[in-house]
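The values are calculated or read from the model by the stated rules, or taken from the named source; none is laboratory data. For clarity, every value in this text was computed on a predicted model and none was experimentally measured. For neighbour counting, all protein chains shown are included, and Cβ atoms are generated from backbone atoms with ideal geometry for every residue, glycine included.
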Amino acid sequence: MSKDVLITVESVSKRFCRDLKRSLWYGIQDISTELCCSKSSSLSLREDEFWALNDITFELRRGECLGLIGSNGAGKSTLLKLLNGLMKPDHGRIIITGVTGALIELNAGFNPILTGRENIFINASVLGVPKRRVDQILDEIINFSGIGEFIDTPVQYYSSGMKVRLGFSIATLVIKPDVLLLDEVLAVGDAHFRSKCYNRIGRLRENAAVIFVSHSMDQVAQICDACLLLEKGRMSYFGEVSEGIQRYLEGDSESDGEAKPFEIVEDPVIAASLAWDRLDIDYGGTIILTAKIETSRAIPGALVHIPFYDREETVVAEWNSRRIGQVINLEQGCNNLQIQLGPLYLKGGTYKIAFILNDSTGNRYHFWSFKKYVVCVNGSVRGKAAYQLG
Amino acid sequence: MKRILTNPKTLQRIVYTPESQLRHPLKLLRSMMYDLFASRELAWRLFIRDINAMYRQTILGYVWAFLPPIVITLTFVYLNSQAIFQVGDTVIPYPAYVMSGTVLWQVFIDALNSPIKLVSSSKSILSKVNFPREALILAGVGEVLFNFLIRLILLVVVFILFNVHVQASACFAFFGVIILIAMGLMIGILLVPMAMLYQDIEKGLAVFTGMWLLLTPVAYPPPTHGLAMHLVQLNPVAPLLVGTRDLLTVGTLAQPVRFLLIAGITFGLLLIGWLIYRLALPHLIQRMNA
């Protein structure tokens, strides 16, 4: 099939209101404007309004998958709603060619008192699929979901995992869209179900233009061909997936979930400090760490662990004295440890380092420096994974 | 907002813009008819869903559909018999008179409440899935008719008990019921945009409809003089209700011109209500909490 353009977004903007009462009043105004047929394209903000989306422009062809990323409140779900035809843009226009399918609300139309089987028909109907098609694939849906005999139990007795698996099975098996919108729905179920989901989405992808919203950079890196980074409603970046993810992670330096750096000493360590010959390296570079540790008594068989964390707090590299068989015996008084870390074949970016000094059992720490130091690998080598071979 | 350009050989193409859909009235009309047609299966599914779920968690089941008219009738019969509230003579035995009035009033009220009720309970799917919204209205009409048919059985039983003879004009009474439903639906659908934004509408409706029952000749014959007569004359439901009951029991229609005029206006306003519903929904979805 030739690569025809299925989604065209031209200078689209959308404004929202922060204040409830004013928002309701603007609702009345907007409806009146619509009914009176007056000119309604607007580039100005009324009081208490802000731009949820500002001047978004892009195109997507059949078979392409666009990852839509950005921090919370950046405008991703709003853009999906506009593409789905649920809201009108306040400026610009959107052209959708073909049938739209959306996996945004999985259990749409479900009534909890009715059984899973009955709800399958309701949900499929809400998604616009006629009953005869559902009859054809009913068994396939039930098998895919893995619900088994519980299909005839009221949905209110299902676990949340079961509900979500049922919703997902219905949605992916009944629709055959030209435009597919996915809103953070791939993180459902156990590993086995998830791999079935990826397969299913993969098959839908072949014939559709897909827009995928997610906070999981792993999934975006795995599935998407291009990515669009939104920041406070604006297009911050549009292009290569790895570059987009990089910019998203770099911009996201104030994430609340990240733990604050700290450094603590415990008896018998009295004081400790770390010195680095350098913290800016090239790809494949080496860092020499000098640790000065002052103890009140000897610590034989101490264990040292040095993990490297990437922006998503995943440990991407580590130096572990136990694993390499390096014996460390600390004596009473001042000790100097010199450790060579490298060569570091890490892609360009920043990595935070922790240094943990444990006793010989590994259960008690004596000195713990957490993410106080940051290594910067220059950006000449990029890619999806942190460790780059070759 | 959207213009649908279809060509059987190529894919459907939809364009979303900020401008009002009224600028392209023919395309708007075409998409309205298309959606009405496309929504029939979904409307049926939603109707079945709600009927199934409605009584599944009760012991008495469909008995609950009978109870409101029985209770209202018994109340008025009691008040009348005790001379607390005396209405004078009615053409057919009083209990049958009240029961038939109540069943007709109930069908109007059900139709009045159904659009707001269904749109309100569907907020979450409205804001996440794009489906033909006419389905919600049609499903509501289905429920109204279903409840009416159950109560009709009750009415037949009462008529038999009190030896009331149904006239030949009863088949026209059926149209009266349709117009009553249409009027309730019309008011309900016109109120949907405001009701979704401001909760005053729902609260106000609950208060107002209680009073409206008493201002309509449901439990008493139409007054012939005084303030009451003028109020009843201003009440648009009164001629429909009284007329339908008369067609059923008496055989003649007291004010045919008024009846037909109100019927015509009702259907006209119903179509306008549908148009407003359709144009307003995207703006409402944006502001709904779902």
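Just a few scattered comments:
Rundown of residues vs (1) within 14 Å of chain A (Cβ to nearest Cβ); (2) surrounded by fewer than 16 Cβ atoms within 10 Å (Cβ to Cβ); (3) among the β-branched types (Val, Ile, Thr), yes/no style:
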{"position": "B:THR17", "(1), (2), (3)": "yes, no, yes"}
{"position": "B:GLN21", "(1), (2), (3)": "yes, no, no"}
{"position": "B:HIS24", "(1), (2), (3)": "yes, yes, no"}
{"position": "B:LEU28", "(1), (2), (3)": "yes, no, no"}
{"position": "B:PHE47", "(1), (2), (3)": "yes, no, no"}
{"position": "B:MET54", "(1), (2), (3)": "yes, no, no"}
{"position": "B:VAL63", "(1), (2), (3)": "no, yes, yes"}
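- Those residues of region B:88-108 which are crowded, with 21+ Cβ neighbours inside 10 Å and of a type in the set (A, V, I, L, M), in sequence order: B:ALA96, B:VAL98, B:MET99, B:VAL103, B:LEU104, B:VAL107
- Strands (runs of 3 or more DSSP E) within region A:283-390 that include 3 or more residues surrounded by fewer than 16 Cβ atoms within 10 Å (Cβ to Cβ), without any contact (Cβ under 8 Å) to a residue 60 or more places away in the chain and out of contact with any helix residue (DSSP H, G or I) (no Cβ under 9 Å at 6 or more places or on another chain): A:285-295, A:315-320, A:333-344
- Residue check, B:VAL232 surrounded by fewer than 17 Cβ atoms within 10 Å (Cβ to Cβ), in a helix (DSSP H, G or I) and not acidic (Asp, Glu): no
- All positions within region A:79-109 that are more than 9 Å from chain B (Cβ to nearest Cβ) and either assigned to a loop (DSSP other than H, G, I, E, B) or closer than 30 Å to A:VAL155 by Cβ (or both): A:LEU80, A:GLY101, A:LEU103, A:LEU106, A:ASN107
- Residue that is nearest to A:PHE212 (Cα to Cα) [pool: residues in region A:60-78 that are within 13 Å of chain B (Cβ to nearest Cβ) and not charged (D, E, K, R)]: A:SER77
- Any hit, region B:142-157, residues being part of a loop (DSSP other than H, G, I, E, B) and surrounded by 17 or more Cβ atoms within 10 Å (Cβ to Cβ): no
- If you go through region A:110-128 and keep only what is within 9 Å of chain B (Cβ to nearest Cβ) and in a helix (DSSP H, G or I), you end up with A:GLU118, A:ASN119, A:PHE121, A:ILE122, A:ALA124, A:SER125, A:VAL126.
- Pair list, Cβ under 7 Å, 6 or more apart: region A:34-59 residue away from every other protein chain (no Cβ under 12 Å), other residue surrounded by 14 or more Cβ atoms within 10 Å (Cβ to Cβ) and among the small types (Gly, Ala, Ser): A:TRP51/A:SER13; A:TRP51/A:GLY233; A:LEU53/A:SER13; A:LEU53/A:GLY75; A:LEU53/A:GLY233; A:ASN54/A:SER13; A:ASN54/A:GLY233; A:ASP55/A:SER13
The rows are residues; the columns are (1) more than 14 Å from every other protein chain (Cβ to nearest Cβ); (2) in contact with a Pro (Cβ under 9 Å, 6 or more places away or on another chain); (3) at pLDDT below 90; (4) over 15 Å from B:LEU241 (Cβ atoms).
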position: B:SER81; (1), (2), (3), (4): yes, no, yes, yes
position: B:ASP89; (1), (2), (3), (4): yes, yes, yes, yes
position: B:VAL107; (1), (2), (3), (4): yes, no, no, no
position: B:ALA135; (1), (2), (3), (4): no, no, no, yes
position: B:ASN147; (1), (2), (3), (4): yes, no, no, yes
position: B:ARG151; (1), (2), (3), (4): yes, yes, no, no
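- Some residue of region A:217-239 being modelled with pLDDT of 85 or more, basic (Lys, Arg) and under 22 Å from the mean Cα position of the chain (by Cα): yes
- Looking at B:GLY243, B:GLY273, just one residue is within 14 Å of chain A (Cβ to nearest Cβ), touching a residue at least 12 places away in the same chain (Cβ under 8 Å), surrounded by 21 or more Cβ atoms within 10 Å (Cβ to Cβ) and under 20 Å from the mean Cα position of the chain (by Cα), and that residue is B:GLY273.
- Of note, A:VAL12 satisfies the criterion of being more than 8 Å from every other protein chain (Cβ to nearest Cβ), among the β-branched types (Val, Ile, Thr) and either free of Cβ contacts under 8 Å to residues at least 40 places away in the same chain or under 23 Å from B:LEU279 (Cβ atoms) (or both).
- Scanning region B:217-235 turns up no residue that is under 17 Å from the mean Cα position of the chain (by Cα), over 16 Å from B:VAL87 (Cβ atoms) and at pLDDT 90 or above.
- Annotation note: Cβ proximity below 6 Å between a residue of region B:21-37 that is more than 21 Å from A:PRO89 (Cα to Cα) and a residue that is charged (D, E, K, R) (sequence gap 6+ or interchain) occurs for B:ASP35/B:GLU134; B:LEU36/B:GLU134.
- Unmet criterion (only one of (1) in the same structural domain as A:ALA52 (by TED's automatic domain parsing); (2) among the small types (Gly, Ala, Ser); (3) out of contact with any helix residue (DSSP H, G or I) (no Cβ under 6 Å at 6 or more places or on another chain)) for A:GLY167: (1)
- Per the listing B:THR249, B:THR266, B:THR209, the residue uniquely away from every other protein chain (no Cβ under 14 Å) and within 22 Å of B:ALA96 (Cβ to Cβ) is B:THR249.
- Among residues of region B:74-88 that are under 16 Å from B:SER100 (Cα atoms) and in contact (Cβ under 8 Å) with a residue 40 or more places away in the chain, those with a beta-carbon under 8 Å from a residue that is among the hydrophobic types (A, V, I, L, M, F, W, C) and in a helix (DSSP H, G or I) at least six positions away or on a different chain give the pairs B:PHE76/B:VAL98.
Residue-by-condition table, conditions (1) closer than 20 Å to A:PHE50 by Cα; (2) at pLDDT below 90:
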residue	(1), (2)
A:THR78	yes, no
A:LEU86	yes, no
A:ILE95	no, no
A:ILE104	no, yes
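- Qualifying residue in region A:130-138 (condition: facing another protein chain (nearest Cβ under 10 Å) and touching a Pro at 6+ places or on another chain (Cβ under 8 Å)): no
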